[in-house]
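Peer 1: Shown below is the structure under consideration.
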Amino acid sequence: MQKDPLLEKKEALDALNNAKFGWFHIKACLVSGIGFFTDAYDLFIIQLAVIMIGMVYYHDEVRDGDTIIKKADKLYPVSETLLKQSALIGTLIGQLLFGYLADLLGRKKMYGTELLIIVFTTITSAFASNTASPNGLTVVGMLIIWRFFLGIGIGGDYPLSAIITSEFANTKNRGAMIAAVFAMQGFGILTGSIVSLIVLFSFNNQLNNGDPLNYLQVDHIWRIIVAFGAVPGLVAIYFRMTIPETPRFTMDIKGDVEKGARNIQQVLQKDDTVYADSSQEERTSKEQKPSFRELKQYLSKWRNGKVLLGTAMAWFALDVGFYGINLNQSTILKQIGFGGGSNLSQYEILKQAIYGNLITSALGTVPGYWLTVLFVDKWGRKKIQIMGFVALTILFFVMGLCKDILGQFLFITLYTLANLFNNFGPNATTFIIPGEVFPTRYRSTCHGISAAAGKLGAIISQVWFLGLGADNFRAIMLTFAIFMMIGLAFTFLIPETKGRSLEEISQEHEKSNQVIPH
């Protein structure tokens, strides 16, 4: 006698939810995490690269007529902002596009595609140059184009990595697993500083030999550190292409409960057998692909719509501050005399900029991520998010109001604490929660919308930073503090997901007997 599909589905998902943490869970975290390592490296290395690009291509740009009156050694503010913005705009588009496609076509079909885009555009970015035509694109123009497409790949990684990890995880360790994937972002940022420092040291003799053309060596440095971002991505491509489809997508959207149940047995028992789908005719009759009309109906109910509003607005508010400080870290640290000085050589300027990034990422960024991994399944996502927003509000207010009396050491301490509570707080939880609170049918789409809202905040923060200028440091910090308060307010629209299965959170068991509208 054939087993009831609903009972078979429940038993299979219960086995997945209650499974012991094992090798497959570790593998899923590693495969997803390597991608996030690459994303963070490529996204944040630009803050160091723009300093070097300015030294190479803008080293004599300040003129009085035909006379050079001083060396600029930096990009024009608009060019620097566009270079940082291009990847963020691409990321926003990628989050929306891949988020929707992963719900429509499947997680597996899209996974790996975004990493191929990242690897290709990272390599092309490293080879960007001025075009031969006098009126053609400059190296900055080429980089803006390539980093826009790089951003599309990075954007795709957000919903895909979160959803795949979430849908394969057991209930007990799900938060820690998603957090561990996102925590690789911290290692990516830290590795960017380490690689930059190693490459800079390797050019020590060339940069300190007194040659007036030694700025040309800096051209090699930024290209090497940018190109390195392709290496971890190349390693991960094969594993991403071969990861199985998530059982929840197979059951809930493809309608193949039997194959989804077998896939669960496969991953839990380390069975390498590849199970075939149902016949094309049978599969087509069972498939119930999500539609925008269906999503609209779902979100039109306040109990559902408020959750998306909460996840999107909290991420939006957080990224105004997070990207505001992380993409302008060198500029911010110069405001307190760290990494600045008109008498410093190019080598010393670069070294101090890298040291500043290294200190804040090693002491604040990386520990913050892993504290979230440690406590997220014990304390809960919502508590950590609230704690982080409260701490960030206080820290930004203090740094903004008391900058002139803090002194360099105390300011760097507070700045490092801000990085700590960004990541042991809303930067991690805004990534985790959207991967849990929505039904399988719209989970990736809603995660993509939430993440895209965050990138919109990041884009606005860069425009705001350009408009105010680094000299208006107090206004910038106070603005960040206000946005942290906004993020805190919207957090209260989000439910706690700790210790609950994905089906319990999204109330999918209640809907299992309902006919999905077409």
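Peer 1: Return yes or no: is V231 open to solvent by 40 Å² or more (accessible area, probe 1.4 Å), touching a Ser or Thr at 6+ places or on another chain (Cβ under 9 Å) and at pLDDT 85 or above?
Peer 2: It is true that V231 is open to solvent by 40 Å² or more (accessible area, probe 1.4 Å), touching a Ser or Thr at 6+ places or on another chain (Cβ under 9 Å) and at pLDDT 85 or above.
Peer 1: Looking only at residues in the stretch 131-145 that are touching a residue at least 40 places away in the same chain (Cβ under 8 Å) and open to solvent by 10 Å² or more (accessible area, probe 1.4 Å), which one is farthest from L295 (Cα to Cα)? It would help to see each step written out before you state the result.
Peer 2: Our first condition is that a residue be touching a residue at least 40 places away in the same chain (Cβ under 8 Å); within the stretch 131-145, this holds for 138-140, 143-145.
With open to solvent by 10 Å² or more (accessible area, probe 1.4 Å) added as a condition, the list becomes 138, 144-145.
Numbers: T138: 44, I144: 34, I145: 33 Å.
So, considering only residues that are touching a residue at least 40 places away in the same chain (Cβ under 8 Å) and open to solvent by 10 Å² or more (accessible area, probe 1.4 Å), the one farthest from L295 (Cα to Cα) is T138.
Peer 1: Out of curiosity, is G305 among the small types (G, A, S), at pLDDT 90 or above and open to solvent by 10 Å² or more (accessible area, probe 1.4 Å)? Walk me through it before giving the result.
Peer 2: Working: among the small types (G, A, S): yes; at pLDDT 90 or above: yes; open to solvent by 10 Å² or more (accessible area, probe 1.4 Å): yes.
Judged against the criteria, G305 is a match.
Peer 1: Tell me, which residue of the stretch 1-22 that is out of contact with any helix residue (DSSP H, G or I) (no Cβ under 7 Å at 6 or more places or on another chain) and among the basic types (K, R) is modelled with the lowest pLDDT? I'd like the intermediate steps shown before the answer.
Peer 2: Taking the stretch 1-22 and keeping what is out of contact with any helix residue (DSSP H, G or I) (no Cβ under 7 Å at 6 or more places or on another chain), we get 1-4, 6-7, 10-11, 14, 17-18, 20-22.
Checking which are among the basic types (K, R) leaves us with 3, 10, 20.
Details: K3: 64, K10: 83, K20: 90.
Filtering the stretch 1-22 for residues that are out of contact with any helix residue (DSSP H, G or I) (no Cβ under 7 Å at 6 or more places or on another chain) and among the basic types (K, R), the one modelled with the lowest pLDDT comes out as K3.
Peer 1: Can you list residue pairs whose Cβ atoms sit under 6 Å apart, with the first residue in the stretch 381-402 being part of a helix (DSSP H, G or I) and the second being of a type in the set (K, R)? Count only pairs 6 or more apart in sequence or on different chains.
Peer 2: From the stretch 381-402, the pairs are G400/R474.
Peer 1: Please indicate, with yes or no, whether at least one residue in the stretch 236-244 is of a type outside the set (A, V, I, L, M), at pLDDT below 95 and open to solvent by less than 20 Å² (accessible area, probe 1.4 Å).
Peer 2: yes
Peer 1: OK, next. Residues to consider are L43, L75, L48; find the one that is within 33 Å of the chain's Cα centre (by Cα), more than 26 Å from G255 (Cα to Cα) and at pLDDT below 80. Step through it out loud before you land on a result.
Peer 2: Values: L43 fails: at pLDDT below 80; L48 fails: at pLDDT below 80.
From the options L43, L75, L48, the qualifying one is L75.
Peer 1: Step by step: first the residues of the stretch 403-440, then only those that are over 27 Å from G188 (Cα atoms) and in a helix (DSSP H, G or I), then the one that is least open to solvent (accessible area, probe 1.4 Å). Which residue is that? First the steps, then the outcome.
Peer 2: Step one: list which residues in the stretch 403-440 are over 27 Å from G188 (Cα atoms), which gives 403-407, 437-440.
From what's left, in a helix (DSSP H, G or I): 403-406.
Details: K403: 48, D404: 120, I405: 137, L406: 28 Å².
Result: L406.
Peer 1: Something else about it: Name the residues in the stretch 264-293 that are open to solvent by less than 70 Å² (accessible area, probe 1.4 Å), modelled with pLDDT of 80 or more and under 14 Å from L13 (Cα atoms), would you?
Peer 2: Scanning the stretch 264-293 gives a single hit, I264.
Peer 1: Working only within the stretch 387-398, note down all residues that are more than 18 Å from T413 (Cβ to Cβ) and buried (at least 19 other Cβ atoms within 10 Å of the Cβ).
Peer 2: Correct list: F389 only.
The values are calculated or read from the model by the stated rules, or taken from the named source; none is laboratory data. For clarity, every value in this text was computed on a predicted model and none was experimentally measured. Neighbour counts run over all protein chains shown; Cβ positions are idealised from the backbone, glycine included. In case anyone asks, the SASA skips ligands and DNA or RNA and just uses the protein heavy atoms, side chains included. Shrake-Rupley method; radii C 1.70, N 1.55, O 1.52, S 1.80 Å.
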